[in-house]
Amino acid sequence: MLVVGDLFTFIKAFQTTSKSSKIVSMDKLPPFERSSIKQHQRERFWQIIAPLVLFSLLIAAAGGFTVFAGGENDRLWADISIIWLVIPVLIFSLILLVVLAGSIYLMARLLKITPNFTRRAQTLFYRIEKGTRKAADFSVKPVLWIKQFKSRLRDFMIYIKLEKKERS
C-alpha cells in the first residue's frame with residue numbers, strides 16, 4: 001500500500017536522481033516512519049483487528065458449545081435463539097412504524113396548508129406566462145408587420161399586372 005509520505009519521498013528521490021536520468025525503485029527508498037503512523041497501526045490493531053478476532057472466536061466457541069452441549073435442553077436453546085433473532089427485527093419494525101406514522105401525520109398537515117401556497121404559486125406563474133407572451137408578441141409585431149406589408153404589396157402588384165393584361 002502506498003502511503004502519501006512514500007510518494008513524496010519517491011518524488012524527491014526521483015527529482016534528485018533525474019538529472020543523471022536514473023530512476024530509483026520504490027524498494028530502495030527509505031521507509032517513511034512517523035510516530036503518528038505507528039500509533040495508527042497500534043490503534044488499528046487494538047480497535048479493529050483484536051475485537052474482530054475476539055468476537056469471532058467467541059461466536060465459534062458458542063457454536064461449538066451448542067453443538068457439543070447435549071440434547072436435553074435443545075428446545076430451550078432453540079427458543080432463546082429465536083427470541084434473540086426476533087428482537088432486532090421487532091425493534092427495527094417499531095422504528096419503521098414510528099417513522100411511517102410520523103410521515104403520515106406530517107403529510108396530512110402539509111396537505112391542509114398546501115392548496116393555499118400552490119394557488120399562489122399557480123397565480124404567480126400564470127402572470128409570468130401572460131407577461132412573457134405579451135413581450136414575445138410585442139417583439140415579433142414589427143417583423144410580422146413588415147412581412148404582411150410585403151405580401152400585400154406583392155399581391156397588389158400582381159393585381160395591377162393582371163389588370164394591365166386584361167385591358168390590352
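All of the numbers you see were taken from the coordinates with simple rules; none came from a lab. In this text, all values refer to a predicted model and were calculated from it rather than measured experimentally. For neighbour counting, all protein chains shown are included, and Cβ atoms are generated from backbone atoms with ideal geometry for every residue, glycine included.
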Inset, instruction - Obtain the nm distance between the two label points defined at Thr118 and Thr66 by a simple spin-label model: each point lies 7 Å from its Cα along the Cα-to-C-beta direction. - result: 5.2 nm
Legend entry - Semi-axis lengths (Å, descending) of the ellipsoid that matches the C-alpha gyration tensor of the stretch 61-168: 89, 24, 10
Legend entry - Extension gain (nm, one decimal) between Thr132 and Asn73, 0.36 nm per residue minus Cα-Cα: 13.1 nm
